[in-house]
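Peer 1: Below is the structure I would like to discuss, written out as structure tokens.
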Amino acid sequence: MSPTKDLADLTERFLSVGHAQSPQVFAALMKGFQATMSAGCYADTAFFLRRIALPTLDYTSAQALSRVRSRLRSKIPASPQTARLAVIGSSTTTQLVPLIDFFLFAAGVDADFYEGGYGLFRQEILDPASELYQFAPKVIFLATGWRDLANRPALADARLDIVRLITAEQADWSSLWQVARERSGCQIIQNNFVLPACRALANHERRQAGSLSSYISSINESLAQAVPPFVTIHDVEHLATCWGRWKWDDPRFVHQAKLPCAPECLPDYAHSVASIVAAQLGLAKKCLVLDLDNTLWGGVVGDDGLGGIRLGQTDPEGEAYRAFQHYAKSLRHRGVLLAVCSKNNEETAREVFEKHSEMVLRLEDIACFKANWEDKATNLCRIAQELNIGTNSLVFVDDSPAERALVRKLLPEVAVPELPTDVADYIQALDRHRYFQTLSVETEDLRRTEYYRAEVSRRDAQTSASDIEGFLASLNMVAQIGPIMPDTLNRSVQLIQRSNQFNLTTRRRTAAELLAFLEDESWITRTVSLSDRFGDNGIISVILARAREDALEIDTWVMSCRVLKRTVEQFVLNHLYGLARQRGLKRIRGEFIPTAKNKLVRDHYANLGFAPVAGAQGERTLWDLTVADDSLQTTTYIREETNA
Amino acid sequence: MRDTIRREIEEVFRNVFGDQELVLQESMTAADVDGWDSLAHINLIIALEKRLGVRFATAEISRLKEDGQTVGSLLDLVEQKKRA
């Protein structure tokens, strides 16, 4: 047998033993990795290493796997997704950093790291000549703990004095973040503070404002409320709560090695940090695809009938299925798309959603419904296509190991979590992966399923319309276009992070960078929101451009694929043309950088009447449009709404 | 018993130091094992605890990395804990 085939079997075996990972199975797996490495099968090694990168790994296994990752580093082609991450703080980062690197690698990111001197984070941020700034990070992770709080109350302090301390503490951290951003233009990930398990005041701790727990809680609250857009609070306090505070702390390793938490919790901690960095790069998943029989309810509706499936208050297992549906619904409420992919007759499957009184999920929660007898890989591709997202944005949940194996084999880019045999454990099994990590929640998220459903109505209208012009005119489209504002900053960042197909340059500009552009007069930032007779689409496009010499250079142009072919591009171009004219610029310079996913816009500038410019490097292309004295009147069916 | 423990410890060493050919001798010290620094020491302790189901006290963790300590001293300590 080939080493790769061996490794495939060993990986499946390791995954199927789950939490009861036996040392023998793991030792065999490590030998499997060594064999593929020695045989030079680096791509296969990387593939299976990614499969196995779970947040539930124990410390020793995770460290061993992270060493395989570091040996692979020079052997496989560089990933197009990169990160420069500085980890500075008050605990040792030596054990943490390889694990963050390992989980970022699993998410498809090549990361470079800087580790600050132990406990020197303030000096490194304040000293403009520090190694931190020489490293030029894109992201700084402040891995701090409550012992770093500079202002601490005395137990007897009056409430008013404590409020003053909280304000001072908040100001201290805010000014550190501000200095770091001004000097490096980077995003910041800031730990909040873990409440200690031990309490001097026992049960009374929370009632006394000057107690350590009360004070830390207040600081956490204050940080969460006052955080600027370029800072993400890493909720390490939540991790500690989930693990249990006594388990989270292993004082032996604090005293011995200044570890930030018990070794067993470190992989989960690292995974949590990595998921935030990955989300900043637009790698979070977008759609949860659900099987039906034995996934959303117990039993097989085709055999057992509507009354025969187990769902709801009649039995405990039925309750557990309902709980899982509630979980899925909570994801859909925050903007994750839900889809159904089931082997069933479509009418039988839909009937459960329409008629079963215990169903939590309803048809209007499902953005795309596929119940048929074709294979699931084909259906997943269709779902991705209909929702205009990549298959790598899908998470596929199915109780059947055979279906999971098929999808993993045919569509390795789809996330397919192992599912426990007991439905009561589904929520935890799914949630721990942090597939849907998010940095902010915007109006567009809360209304996303509505947008997609309105899109279905539009498609129906389009089918009935005799010509495309008539259809576009009948939509009565109205757009607002204007600079990025404080209340649209997060959505702008999100769109820049999430857009893969309609993205001309795939520069993942961060909130910190956008803030810098807003302060710089040579930069023009624009958001476009669009509504029509079927509903409001929210903000669907972001454009960043810079005036340099006689040209307006388009740095970033992204658009939600929901509004493709609606003449938004033409509308935007007319607007940019007007801006260029106002500023006395002679041309607009477009740029296209190809990626695996943005073929859609390869001819974007050609279609808009730009002429190719010679001398671009590599696969990147440059385009010019001459700005004349009169305004540009490219045909668009969108009317501008002027009062914001 | 000592031989069983020795084999289990050897397996832990092999995983922690990423060397599947590593053979433990009782006379070995940290200097004899490639990569046995203070970081690896912590990783070793964590892995040993998990594999052997024992718990090392803070002072024991420190003592095991002092000069003059050998693989034999580690075996003595584990054996003593297993017997207790």
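The values are calculated or read from the model by the stated rules, or taken from the named source; none is laboratory data. Here the structure is a predicted model, which means the values were calculated and not measured. For neighbour counting, all protein chains shown are included, and Cβ atoms are generated from backbone atoms with ideal geometry for every residue, glycine included. Just so you know, the surface numbers come from the protein's heavy atoms only, side chains and all, with ligands and any DNA or RNA stripped out. Shrake-Rupley method; radii C 1.70, N 1.55, O 1.52, S 1.80 Å.
Peer 1: Name the helices (runs of 4 or more DSSP H) wholly inside the stretch A:409-477 in which the number of residues that are touching a Lys or Arg at 6+ places or on another chain (Cβ under 8 Å) is 1 or more.
Peer 2: Qualifying helices (runs of 4 or more DSSP H): A:443-446, A:448-464, A:468-474.
Peer 1: Cβ-Cβ below 9 Å, separation at least six or inter-chain, first residue in the stretch A:60-81 and within 14 Å of chain B (Cβ to nearest Cβ), second of a type in the set (D, E, K, R): which pairs?
Peer 2: Short answer, once both residue conditions are applied: A:T60/B:K50; A:T60/B:R51; A:S66/A:D101; A:R69/A:D101; A:S70/A:D101.
Peer 1: It is to be established whether one or more residues within the stretch B:52-61 are in contact with a His (Cβ under 7 Å, 6 or more places away or on another chain), surrounded by fewer than 19 Cβ atoms within 10 Å (Cβ to Cβ) and facing another protein chain (nearest Cβ under 9 Å).
Peer 2: Yes: one or more hits.
Peer 1: Looking only at the stretch B:62-84, filter to residues that are free of Cβ contacts under 8 Å to residues at least 60 places away in the same chain and within 11 Å of the chain's Cα centre (by Cα); which one of those is farthest from the other protein chains (Cβ to nearest Cβ)?
Peer 2: Here the residue is B:G72.
Peer 1: Select from the stretch A:595-604 the residues that are without any contact (Cβ under 8 Å) to a residue 24 or more places away in the chain and open to solvent by less than 80 Å² (accessible area, probe 1.4 Å) and list them in ascending order.
Peer 2: A:D603
Peer 1: Then there is this: Please go through the stretch B:1-35 and give me each residue that is out of contact with any Leu (no Cβ under 7 Å at 6 or more places or on another chain) and within 25 Å of A:C265 (Cβ to Cβ), ordered by number.
Peer 2: B:E11, B:N15, B:F17, B:G18, B:G35
Peer 1: Under the condition of being under 33 Å from the mean Cα position of the chain (by Cα) and at the interface with chain B (Cβ under 8 Å from one of its Cβ atoms), which residue from the stretch A:28-41 is surrounded by the fewest Cβ atoms within 10 Å (Cβ to Cβ)?
Peer 2: Here the answer is A:Q34.
Peer 1: Which one of these is acidic (D, E) and touching a strand residue (DSSP E or B) at 6+ places or on another chain (Cβ under 9 Å): A:E354, A:E386?
Peer 2: Among A:E354, A:E386, only A:E386 is acidic (D, E) and touching a strand residue (DSSP E or B) at 6+ places or on another chain (Cβ under 9 Å).
Peer 1: Checking the conditions here, which among A:R122, A:R84 is of a type in the set (D, E, K, R), part of a helix (DSSP H, G or I) and open to solvent by 10 Å² or more (accessible area, probe 1.4 Å)?
Peer 2: When all the criteria are applied, what remains is A:R122.
Peer 1: Could you check the stretch B:13-46 and list, in sequence order, the residues that are open to solvent by 40 Å² or more (accessible area, probe 1.4 Å) and within 14 Å of chain A (Cβ to nearest Cβ)?
Peer 2: Once the filter is applied, which keeps residues that are open to solvent by 40 Å² or more (accessible area, probe 1.4 Å) and within 14 Å of chain A (Cβ to nearest Cβ), the stretch B:13-46 yields B:R14, B:D19, B:E21, B:D34, B:G35, B:D37, B:S38, B:L39.
Results for (1) aliphatic (A, V, I, L, M); (2) over 30 Å from A:L54 (Cβ atoms); (3) part of a helix (DSSP H, G or I); (4) modelled with pLDDT of 95 or more, shown as yes or no for each residue.
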{"residue": "A:R71", "(1), (2), (3), (4)": "no, no, yes, no"}
{"residue": "A:K75", "(1), (2), (3), (4)": "no, no, no, no"}
{"residue": "A:S91", "(1), (2), (3), (4)": "no, no, no, no"}
{"residue": "A:P98", "(1), (2), (3), (4)": "no, no, yes, yes"}
{"residue": "A:F102", "(1), (2), (3), (4)": "no, no, yes, yes"}
{"residue": "A:L142", "(1), (2), (3), (4)": "yes, no, no, yes"}
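Peer 1: If only one of A:V395, A:V423 is in contact with a Gly (Cβ under 9 Å, 6 or more places away or on another chain) and among the aliphatic types (A, V, I, L, M), which one is it?
Peer 2: A:V423
Peer 1: Does B:D67 satisfy being surrounded by fewer than 16 Cβ atoms within 10 Å (Cβ to Cβ), at pLDDT 90 or above and either over 24 Å from A:D58 (Cα atoms) or of a type outside the set (K, R) (or both)?
Peer 2: In short, no.
Peer 1: Also, quick follow-up: Scan the stretch A:270-322 for residues that are of a type in the set (S, T, Y) and within 17 Å of the chain's Cα centre (by Cα) and jot them down.
Peer 2: Correct list: A:S272, A:S275.
Peer 1: Okay, next question. Does the stretch A:377-391 contain any residue that is open to solvent by less than 20 Å² (accessible area, probe 1.4 Å) and among the basic types (K, R)?
Peer 2: No: the stretch A:377-391 contains no residue that is open to solvent by less than 20 Å² (accessible area, probe 1.4 Å) and among the basic types (K, R).
This table checks each residue for (1) open to solvent by less than 10 Å² (accessible area, probe 1.4 Å); (2) within 14 Å of chain B (Cβ to nearest Cβ); (3) touching a Leu at 6+ places or on another chain (Cβ under 6 Å).
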position	(1), (2), (3)
A:L239	yes, no, no
A:C242	no, no, no
A:D250	no, yes, no
A:K258	no, yes, no
A:C261	yes, yes, no
A:A270	yes, no, yes
A:A284	no, no, no
A:V301	yes, no, no
A:A323	no, no, no
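Peer 1: Only one of these conditions is not met by A:T167: (1) among the hydroxyl-bearing types (S, T, Y); (2) under 30 Å from A:T45 (Cα atoms); (3) surrounded by fewer than 18 Cβ atoms within 10 Å (Cβ to Cβ). Which number is it?
Peer 2: (2)
Peer 1: For residues that are open to solvent by 10 Å² or more (accessible area, probe 1.4 Å) and more than 35 Å from the chain's Cα centre (by Cα), scanning just the stretch A:206-222, find the one that is farthest from A:R152 (Cα to Cα).
Peer 2: If we take residues in the stretch A:206-222 being open to solvent by 10 Å² or more (accessible area, probe 1.4 Å) and more than 35 Å from the chain's Cα centre (by Cα), then A:R207 is farthest from A:R152 (Cα to Cα).
Peer 1: I've got another one for you. Out of the residues in the stretch A:433-466 that are surrounded by fewer than 16 Cβ atoms within 10 Å (Cβ to Cβ) and under 20 Å from the mean Cα position of the chain (by Cα), state the one that is nearest to A:S272 (Cα to Cα).
Peer 2: This residue is A:S440.
Peer 1: Name, by its number, the condition in (1) modelled with pLDDT of 95 or more; (2) over 24 Å from the mean Cα position of the chain (by Cα) that does not hold for A:L394.
Peer 2: (2)
Peer 1: Find all pairs meeting these conditions: Cβ atoms under 8 angstrom apart; at least six residues apart or on different chains; first residue within the stretch A:337-354 and in contact (Cβ under 8 Å) with a residue 12 or more places away in the chain; second residue open to solvent by 70 Å² or more (accessible area, probe 1.4 Å).
Peer 2: Listed by first residue and then by second, the contacts come to A:K343/A:W373.
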